[in-house]
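Note sheet for the following structure.
The values are calculated or read from the model by the stated rules, or taken from the named source; none is laboratory data. Just so you know, these numbers come straight off a predicted model, no measurement behind them. Here the Cβ positions follow ideal geometry from the backbone for every residue, glycine too, while neighbour counts run over all protein chains shown. We work out accessible area using only protein heavy atoms, side chains counted, and drop any ligands, DNA or RNA first. Shrake-Rupley method; radii C 1.70, N 1.55, O 1.52, S 1.80 Å.
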Amino acid sequence: MNSHHDSIKGVIFDLDGTLVSSELDFTLIKAQLSCPDEHDLLSHIAALPSPYMREEAMNIVHQHELIDAQHASLLPGVAKTVAYLKELDIPMAIVTRNYDRAAALKLKNNPLPIQTVLTRSDAPPKPDPSALNAIATLWQLDQSNLVYVGDYLYDIQAAQNANMRSCLYAPDKVPEYAEQADYILHHFSELALLVDELVDQHAVIHN
């Protein structure tokens, strides 16, 4: 059976650039930490030679994240779509590469009815699938019935690594790697249509 015809029973979201705005300047942060532009920032920090250097580097990142968190606002269509999914009793969670204090601040300023939030303080950062797998276990749902919504390549890779469906949110320019995603959203509100379609499809198959 094609997993694409399985209904969606749970939705997991990335946070920055998906649910809330983010103005983190990765080019600047990388420059401050002498991280080559093509390298992943967190991997670069993890590879620094001493605990002290790693801690200092993370402190710089945390400062940027906390400043960013103070200015974050909900992206268009998010509040309405999340409220709609809640009406349908679809469980929702957030998995972010942010650290816990920054994520908590963003969600305190922009409340959403989503209780389960995993940050890089809880699990290895994406594209590692640990956080996504933990949520599937928590919900006792099959991975194939879950979709992970995010705005970057790591989100697609994390979903693939967890055997979940990936949904790329690409409101502006559609990136080259978009073809790796199962679904592409140009407007956040399209998620409601996608869920409807997959819930209905499921009902039709089983009637």
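Quick notes on this structure:
- Working from Cα pairs under 8 Å separated by at least six residues, relative contact order for the chain is 26 percent.
- Loop-resident GluC sites (Glu not before Pro) (DSSP state other than H, G, I, E or B) in segment 1-109 with no more than 11 further Cβ atoms inside 10 Å of their Cβ: 23, 38.
- Fluctuation leader among 59, 110, 133 - the chain, Gaussian network, Cα springs under 10 angstrom: 59
- Amide hydrogen proximity for residue 13: with H placed 1.01 Å from N in the peptide plane, the residues at 5 or more positions away or on another chain lying under 5 Å are 93, 94, 95, 149.
- Accessible-area composition of segment 15-128, carbon plus sulfur, in percent [1.4 Å probe]: 56
- Only protein heavy atoms count here; under a 1.4 Å probe, residue 58 has an accessible surface of about 40 Å².
- Couplings 3J(HN,Hα) of segment 42-57, computed from phi: 5, 5, 4, 5, 4, 8, 5, x, 10, x, 4, 4, 5, 5, 4, 4 Hz, in residue order, whole Hz [Karplus 6.51 cos²θ - 1.76 cosθ + 1.60, θ = phi - 60°; x for Gly and Pro].
- Listed values (1) 17.4, 51; (2) 17.3, 61; (3) 23.3, 97 include one computed from this model; for Rg and Dmax of the Cα atoms in Å that value carries the label (2).
- Annotation note: trypsin sites (Lys or Arg not before Pro) in segment 95-177 located in DSSP loop regions with a Cβ neighbour count of at most 12 within 10 Å are 173.
- Based on protein heavy atoms only, segment 1-71 ends up with 54 Å² per residue of surface accessible to a 1.4 Å probe.
- Rolling a 1.4 Å probe over the heavy atoms of the protein chains gives segment 97-207 an accessible area of 50 Å² per residue.
- Alpha-carbon centroids, segment 62-128 and segment 1-54: separation in whole Å: 14
- DSSP beta bridges in the chain [antiparallel fraction, %, rounded to 5]: 5
- Heavy atoms of residue 14: accessible area, 1.4 Å probe, square angstrom to 10: 10
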